[in-house]
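See below for the structure under consideration.
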Amino acid sequence: MTRVIVIGAGIGGLTTAAVLARAGLDVTVLESQVYPGGCAGTFFHQGYRFDSGATLAAGFYPGGPMDLVSQAAGITSWPIQKSNMAIVVHLPDGTQINRWTDDSQRGEDHKELGPHSSAFYKWQNQTANSLWKLALKLPPWPPQSIADFARISEIGIPWLLSDHNFLVLRDSFRKVSSHLQNASDNLRLFVDAQLLISAQVTSEYANAFYGAAALDLPRRGVVHLMGGMGAIAETLVDSIRSNGGQVFYRQEVTHISTITKNRMLVESKQGGSFEADVVIGNLSPWNAAALVDKELKGKFSRIQSELSDGWGAFMVYVGLKDCNLQPDFPLHHQIIVRRPFGEGNSVFASLSPSWDPGRAPVGHRALTISTHTKLSEWWNLYEHDRVAYEARKEELAVKTLSAAEIALPGLRESANMIMSGTPVTFQRYTLRERGWVGGFPQTSLFRAIGPRIASNFWLVGDSIFPGQSTAAVSLGGLRVADMVLKKIGIRQKYTPSV
Ligand SMILES: Cc1cc2nc3c(=O)[nH]c(=O)nc-3n(C[C@H](O)[C@H](O)[C@H](O)COP(=O)(O)OP(=O)(O)OC[C@H]3O[C@@H](n4cnc5c(N)ncnc54)[C@H](O)[C@@H]3O)c2cc1C
């Protein structure tokens, strides 16, 4: 039986592991933490259960990415509650834009954004609808072999010929801003803010093809998970184990070496030693490069200098007591204070639902707030001036909380506990090099790195196409599982239709 070792229990790694275990492979997941989920995990602190990074889950609609995962991994249900209200976006002039999952309520919101918004959203909806049809067929992007080119043609040609999709193709070379020529300031602000959290760049830099699909996230079946975002990972772990796979925590992989052309050895800091026919790294390229022997190191030379291009996250976790919020108060808020975004000028705040007793004591809520932050200054301070590092942490926590108070007035008076985290914290808990999160900013479709590093070593997670978000890394994980199974000649019980 083919032995597979998956390094990391993030959503990408767990999705791949769950599909391969379901297909009958001998799968073992090695995770350094004591719980699964990585950036989409949920942790306990002082009676609260906080989402560590990701807070907004999407893709659970019939035929959507998480439905494909259910089919491929044999998952019969997720602990979800659907939500029609996806996000409230708060603009600097006080305008609030509600983003709904239900299409019929969308037009109303966009009126606030000026006359050009209808044209922009018509383009975005149509393009996203076309692209999602293509994405859900799991095209191997970027192509890494003749077989990948053949598969792209097999999937892409019928797609291009249907519904005039060849017109959509023009956007693969454009930026989102090319569709915002006559936009009001508020429309630009709104689109830029939404792109920052979904594509990691604003409209001037975001590829239009990718941006249209990324902006669609709220329409893609937003749900709340009982127990927090970590429930996605926990459900995947249950699925792996019920299909005979194993998930080991406290196993930090420190070395991957090639034994023979077709056999690899994975070793952990805790003394574990695991032989495998296939190794899947749920790792950034920098993390992977640090673990492999010299035969594989060369495969990473192209991307090693790119860490400066991308983001870290600054987090504030707040336990709220007696907060008097109505049960139907929206749970996700993006607050834009001013440009440039990030560094507390734009924040994303998510509350635990009032109906989820697993997240906070009765009457309390767990609140996770994040803001984009550049990595280099944190590390400079951390390595050379700890006092200044702590001062910056304190200062940014205050700024982030002030921004969040625009959506949640009185938040600080209701706080039972407040804790903050920097990219240094992210590195400590997820091992991600320098706390780099969110994957590569989506400036071009052609800078994506492929998942196949060697014939039996693959990467999954938000460094590979289609990039960040739980739904996107699951799609990437499905794609890799599909390719691994094809390579070893196993036909999945479920295969994405062409
Ligand atoms: C602040 C923030 C907010 C976000 N908000 C959202 C959101 O609202 N909605 C959304 O969909 N997405 C969101 N995202 C993005 C989303 O969380 C990520 O894209 C996704 O979870 C990344 O998954 P991954 O598969 O790349 O794995 P990761 O989350 O990177 O997990 C990798 C796992 O591998 C483990 N690991 C690493 N190295 C080793 C090793 N050597 N040995 C053993 N184990 C190892 C780590 O401990 C970790 O558990 C957010 C991200 C951040 C940071």
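Observations
- Per-residue [θ]222 nm for the chain (sum of -39500 (n - 2.57) over DSSP H runs n ≥ 4, rounded to 500): -10500 deg cm²/dmol
- A quarter of the convex hull surface defined by the alpha-carbon atoms of the chain gives 22.1 nm² as the mean projection.
- Full extension of the segment from Ile490 to Gln126, taken as 0.36 nm per residue of separation minus the current Cα-Cα distance, would add 127.4 nm.
- Pairs exceeding a 20 Å alpha-carbon distance, out of Lys269/Lys299; Lys175/Lys374; Lys82/Lys111; Lys137/Lys487; Lys374/Lys399: Lys269/Lys299; Lys175/Lys374; Lys82/Lys111.
- Relative packing of 150-158, 190-198, which averages over residues the other C-beta atoms within 10 Å, highest first: 190-198, 150-158
- Rg to Rh, two decimals, where the range 311-435 supplies the alpha carbon set and Rh follows Kirkwood: 0.99
- Residue exposure sequence - Glu275, Glu204, Glu112 - by fewest surrounding Cβ within 10 Å: Glu275, Glu204, Glu112
- Order of Phe329, Phe166, Phe314 - criterion: other Cβ atoms within 10 Å of each residue's Cβ, fewest first: Phe166, Phe329, Phe314
- The Cα trace of the range 365-498 gives Rg and Dmax of 20.1, 60 Å, the first to one decimal, the second as a whole number.
- Over the range 112-226, all Cα pairs binned in 5 Å intervals from 0 give whole-percent P(r) values of 2, 11, 19, 22, 18, 13, 9, 4, 2, 0, listed from short to long.
- Ratio of Rg to Rh over the range 1-59 (Cα coordinates, Kirkwood Rh, two decimals): 1.07
- Neighbour counting of Cβ atoms within 10 Å sorts the residues Trp458, Trp378, Trp355, fewest neighbours leading, into Trp355, Trp378, Trp458.
Read-outs: derived from the displayed coordinates by stated rules, not from any lab. On a predicted model such as this, the values are computed, not experimentally measured, just so you know. Note: ideal-geometry Cβ built from the backbone for every residue, glycine included; neighbour counts use all protein chains shown.
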